[in-house]
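The values are calculated or read from the model by the stated rules, or taken from the named source; none is laboratory data. Model, not experiment: these values are computed from the prediction. As a convention, Cβ positions derive from the backbone with ideal geometry for all residues, glycine included, and neighbour counts pool all protein chains shown.
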Amino acid sequence: MILAGDVGGTKCNLALFTEDSGKLEVVYRQRFPSKGFAQFDLLVKEFARQAEPYLRHEKVRAAGFGVAGPVINNRIHATNLPWVVDAEHLSQELDVKPIVLINDLGATGHSLEHLPPEDFCVLNEGSPMPGASRALLAAGTGLGESILFWDGTRYKVVPSEGGHSDFAPHTERQIDLLRFMLRRYPQVSGELILSGRGFRTLHEFIAPNVKHPIFDDPDADPAPFITKSGLDRSCPVCVDTLDLWTAVYGGEAGNLALKVMALNGVYVAGGIAVKILEKMKDGTFFNAFKDKWQFTEVMAKIPVSIVLNESAPLIGAAYEAYAAVK
């Protein structure tokens, strides 16, 4: 048995996997509210208690966890949670060894080789170059970016904090957006736009005098309202907001692809892309992606896909744990 988890600031998905001829299958899965537990090991122990009937007296051979946060010395200070996830401590508490800790986006990267074709929406088939680098980015609560390189046997994932690098405006309008945001922030990173909070910022940039009732609730997230109203075209400002956000996302994906020469594919993960899938498919994203002047022809040959399976981090963490013991 393999234990795996996708650990986020809002929820934690944990699952037990069984292995057959190198393929992992879920035998038990549970979701927990992250803030319902003071420490991560308490959450895992509760899962283990619930999963006991499914173990069938088998021992958990290894565990892998994808956690939102940087991995330093096999420990992760979780983002948006007062947790320190420590592999050595978990190993002692659970009597499981090894325990593999990886960044949540890295976990998604490790899942790519194990997802079936139906788990991807292809925006551009391109001409993949076997063995070349790949790129992965995911907009959600924040903006994650990773590089995948071929080591001769498999793809390894290199984490980065590229989402916090500077926003690179591509058009006159985006230059105006940068000026608008510089009045609010000392530095404008890609993540300030390419995350859930970015939708309201763009809406206020486009039409500062147009307000929706949800804007008056300090505890509400206006992003779902803006994206829904953009998709169903019930609010012209929301339509414009969604279009601008998608173009910026495509431009950033293209920048990452150029920096790492991702000639074997760019993968877009994260919850937002799936929620606005129809917009992602209408050409706005890919046209911005490939619009790189002298490199437009090169960009047009790069495969681009959206990861549809939101369990990808869980699957990737499981396979990394399995790789540690097989």
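Observations
- On the stretch given as the stretch 92-101, residues that are without any contact (Cβ under 8 Å) to a residue 12 or more places away in the chain and either among the aliphatic types (A, V, I, L, M) or under 17 Å from residue 76 (Cα atoms) (or both) total 1.
- Restricting the stretch 32-72 to residues that are assigned to a strand (DSSP E or B) and either in contact with a Cys (Cβ under 7 Å, 6 or more places away or on another chain) or in contact (Cβ under 8 Å) with a residue 24 or more places away in the chain (or both), the residue that is farthest from residue 90 (Cα to Cα): 32
- When the criteria are applied in full, residue 218 fails the requirement of being in a helix (DSSP H, G or I), surrounded by fewer than 23 Cβ atoms within 10 Å (Cβ to Cβ) and of a type outside the set (Gly, Ala, Ser).
- Residue in the stretch 96-108 that is modelled with pLDDT of 90 or more and out of contact with any strand residue (DSSP E or B) (no Cβ under 6 Å at 6 or more places or on another chain) present: yes
- Where residue 6 falls short, out of the listed (1) modelled with pLDDT under 90; (2) under 24 Å from the mean Cα position of the chain (by Cα); (3) surrounded by 13 or more Cβ atoms within 10 Å (Cβ to Cβ); (4) not hydroxyl-bearing (Ser, Thr, Tyr): (1)
- Where residue 90 falls short, out of the listed (1) modelled with pLDDT under 95; (2) over 20 Å from residue 318 (Cα atoms): (2)
- Given (1) more than 17 Å from the chain's Cα centre (by Cα); (2) of a type in the set (Gly, Ala, Ser); (3) in a helix (DSSP H, G or I), number of the condition residue 262 does not satisfy: (3)
- Of the residues making up the stretch 73-113, those that are surrounded by fewer than 16 Cβ atoms within 10 Å (Cβ to Cβ), within 21 Å of the chain's Cα centre (by Cα) and in a helix (DSSP H, G or I) number 1.
- Where a residue in the stretch 182-211 is without any contact (Cβ under 8 Å) to a residue 12 or more places away in the chain and its partner, wherever it lies, is assigned to a helix (DSSP H, G or I), with Cβ under 7 Å and at least six apart: 185/192
- Residue 38 within 30 Å of residue 143 (Cα to Cα), out of contact with any helix residue (DSSP H, G or I) (no Cβ under 9 Å at 6 or more places or on another chain), aliphatic (A, V, I, L, M) and in the same structural domain as residue 315 (by TED's automatic domain parsing): yes
- Residue identified as aliphatic (A, V, I, L, M), within 30 Å of residue 319 (Cα to Cα), modelled with pLDDT of 95 or more and within 21 Å of the chain's Cα centre (by Cα) among 192, 136: 136
- Only one of 195, 160, 189 that is surrounded by 14 or more Cβ atoms within 10 Å (Cβ to Cβ) and out of contact with any strand residue (DSSP E or B) (no Cβ under 6 Å at 6 or more places or on another chain): 189
- Which listed residue is surrounded by 24 or more Cβ atoms within 10 Å (Cβ to Cβ) and of a type in the set (Asp, Glu), from 297, 252, 278, 310: 252
- Odd one out for residue 310 among (1) under 13 Å from the mean Cα position of the chain (by Cα); (2) assigned to a helix (DSSP H, G or I); (3) among the acidic types (Asp, Glu): (2)
- Looking across 200, 183, 173, 134, one residue alone is in contact with a Pro (Cβ under 6 Å, 6 or more places away or on another chain) and among the basic types (Lys, Arg). It is 200.
- Just one of the listed residues (322, 249) is assigned to a helix (DSSP H, G or I), in contact (Cβ under 8 Å) with a residue 24 or more places away in the chain and over 20 Å from residue 134 (Cβ atoms), and it is 322.
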